[in-house]
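Note sheet for the following structure.
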Amino acid sequence: MIRRLGDWAYRVEDRLGGGGYAQAYRCRNSSAPAPDAAIKVFDDPYYANTFEKEVAALEIMAGCPGTPQLIDHGRNADGMLCIVTTLIPGLRLDRLIKKQGPLTGGQTRSLVRQLLSVLEFAHGLGLLHKDIKASNILVDGERFTLLDWGVAEAVGDGRSEIIRAKQDFVAPECYRGRHGQATDFYSLGWLIVHATTGALPYHFDSNRERDYRVAAHCLERPELPSALAADWQPLVSNWIGKTPEHRLSGYDLDALMARALAPGELPPSADEHDFRTLGRDCGFLRQAAEAGIPYAQHELGMRLLKKGRRDEALFWLGRAAADGYARSAYRLAMALMTTADAAHGREWLLAAVRANHPEACYQLAKQLLDSVPAEAALPWLRRAAAGGLSNAHYRYAKWLDGDARQADAALAHYRAAAERGHVQARLRIEEIAAASTPSPA
């Protein structure tokens, strides 16, 4: 169960900023003398998965200079999910650039050195930030702080199909369902471009279409702005390359700049396109799908399903699934399970399960619950629950419910489901509480 937050008070007029799922404010502990802090208040009280993920990342980063330090977390008196961190002074880098113009060469070197130090700490503990951009950096003189660890992920086995909603700095491999330390260096390369010239990657300043971003990161030949200083060009050209294995890895800026080859000496990337030809014949998303990008194939397939073009949709989902894209394998399975091709659908479901896709694990568990022995479903329910599915927590709790030896475990899973908005779980918790309350004499 998510714990109760301490006595942190904030005012709407003390808003520090916010994004698509949370708002940040200056706050103060009303029950103890302490410096002002920053509180992040999630917009939806059931964003428990995102909340827990960010708390875990901040706990990993404890003690690292150049990042906010976790002070408190939990639900406030209104039931909203909150994270309290140290208050970092300064102005957001994107706002500073708009207000004063690009950073100087010396400022940029200081920025990159400090971010490399943060990345060395994070990467050394197996954590990727995955959201390095100017709006997530605070500038206070020569001090730079990297904020927002809400989409940070463990490197794990290198598989990840999570894509940031705003895709200005998303590395190409992420669209293929992969990530690694090179993913953060890709974003850092484009950040250098933005910090020193004010320009966004590719043609994002003029084209805000989401599908263009997929095609640009994966297919477009990058062109560096003429305003980018010559001494930055080798390292930046290396870091924004399409192939993660070719990107330089390291945390000593001077050594990295010394090792970086001139742009003309870098190994060529596979089949890059000029901006003028990108999306011209069939649209950005389809071109990326035809080029074998699983994310684009999945998105195209899902859109075609909504339009009722089932055969085309299954073709693209099948292309992505065959490349190991678990989301597509799961969707393909669900589309086939109720047809004459149900056996094929089960094969795709098992493929998604092997990739540890939470919804696929839950679907397999539901099927096994109706079989003999039903206990075979439990490992898959546990996997789905570990992936944050409220239904999985609830079904697992129901399985345990009634066994006095498992009462605490059942209640914990009911609570986890309720934290994620499961109504029946909340009602069952109330029943358990009522049954344990002594009757008045």
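Structure notes:
- Being closer than 20 Å to Arg221 by Cβ and in contact with a His (Cβ under 7 Å, 6 or more places away or on another chain) is a property that holds for Pro267.
- Scanning segment 23-38 for residues that are at pLDDT 85 or above and among the polar types (S, T, N, Q), we see that the one that is farthest from the chain's Cα centre (by Cα) is Asn29.
- Hey, Ala57 of a type outside the set (Lys, Arg), under 25 Å from Ala134 (Cβ atoms) and either without any contact (Cβ under 8 Å) to a residue 12 or more places away in the chain or buried (at least 18 other Cβ atoms within 10 Å of the Cβ) (or both) or not: yes
- Matching entry among Gly17, Gly63 (being without any contact (Cβ under 8 Å) to a residue 24 or more places away in the chain and on the phi > 0 side of the Ramachandran plot): Gly63
- Counting only residues that are assigned to a helix (DSSP H, G or I) and over 20 Å from Val170 (Cα atoms), segment 234-273 holds 11 of them.
- Of all residues in segment 98-136, those satisfying the criterion of being in a loop (DSSP other than H, G, I, E, B) and under 22 Å from Glu161 (Cβ atoms) are Gly126, His129, Lys130, Asp131, Ile132, Lys133.
- In segment 352-372, the residues that are within 25 Å of Glu54 (Cα to Cα) and either of a type in the set (Phe, Trp, Tyr) or more than 22 Å from the chain's Cα centre (by Cα) (or both): Tyr362
- Residue match in segment 285-295 (condition: among the charged types (D, E, K, R) and outside the structural domain of Tyr186 (by TED's automatic domain parsing)): yes
- The set of residues in segment 373-408 being of a type in the set (Lys, Arg), more than 22 Å from Lys53 (Cβ to Cβ) and surrounded by 16 or more Cβ atoms within 10 Å (Cβ to Cβ) consists of Arg395, Lys398.
- Some residue of segment 163-186 being in contact with a Phe, Trp or Tyr (Cβ under 6 Å, 6 or more places away or on another chain) and at positive phi: yes
- From Leu285, Leu314, Leu305, residue being in a helix (DSSP H, G or I), within 24 Å of Arg208 (Cβ to Cβ) and either under 27 Å from the mean Cα position of the chain (by Cα) or not aliphatic (A, V, I, L, M) (or both): Leu285
- Taking the criterion of being in contact (Cβ under 8 Å) with a residue 12 or more places away in the chain, of a type in the set (A, V, I, L, M, F, W, C) and more than 14 Å from Pro222 (Cβ to Cβ), the residues of segment 271-301 that qualify are Phe284, Leu285, Ala288, Ala289, Ala291, Ile293, Ala296, Leu300.
- Each residue in segment 400-438 was checked for being farther than 19 Å from Ala386 by Cα and among the aromatic types (Phe, Trp, Tyr), and 0 pass.
- Counting the residues of segment 262-291 that are in contact with a helix residue (DSSP H, G or I) (Cβ under 7 Å, 6 or more places away or on another chain), among the hydrophobic types (A, V, I, L, M, F, W, C) and surrounded by 14 or more Cβ atoms within 10 Å (Cβ to Cβ) gives 7.
- Restricting segment 318-377 to residues that are assigned to a helix (DSSP H, G or I) and of a type in the set (S, T, N, Q), the residue that is nearest to Tyr175 (Cα to Cα): Ser328
- Candidate set from segment 31-90 (those that are among the small types (Gly, Ala, Ser) and in contact with a helix residue (DSSP H, G or I) (Cβ under 6 Å, 6 or more places away or on another chain)); member that is farthest from Trp149 (Cα to Cα): Ala48
- Boolean, Asp211 is part of a helix (DSSP H, G or I) and more than 19 Å from Ile192 (Cα to Cα): yes
For every residue, the table says whether it meets (1) of a type in the set (Asp, Glu); (2) touching a Pro at 6+ places or on another chain (Cβ under 8 Å).
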{"position": "Ile71", "(1), (2)": "no, no"}
{"position": "Cys82", "(1), (2)": "no, no"}
{"position": "Gln107", "(1), (2)": "no, no"}
{"position": "Gly124", "(1), (2)": "no, no"}
{"position": "Asp157", "(1), (2)": "yes, no"}
{"position": "Arg178", "(1), (2)": "no, yes"}
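- Being within 27 Å of Ala154 (Cβ to Cβ), of a type in the set (Ser, Thr, Tyr) and surrounded by 15 or more Cβ atoms within 10 Å (Cβ to Cβ) is a condition met by no residue of segment 188-203.
- Residues satisfying the stated conditions in segment 154-171, i.e. without any contact (Cβ under 8 Å) to a residue 40 or more places away in the chain, more than 22 Å from Pro222 (Cβ to Cβ) and either surrounded by 14 or more Cβ atoms within 10 Å (Cβ to Cβ) or of a type in the set (A, V, I, L, M, F, W, C) (or both): Ala154, Val155, Ser160, Ile162
The values are calculated or read from the model by the stated rules, or taken from the named source; none is laboratory data. The structure presented is a predicted model; accordingly, all values stated were derived computationally and were not measured. All Cβ positions, glycine included, derive from the backbone under ideal geometry; neighbour counts span all protein chains shown.
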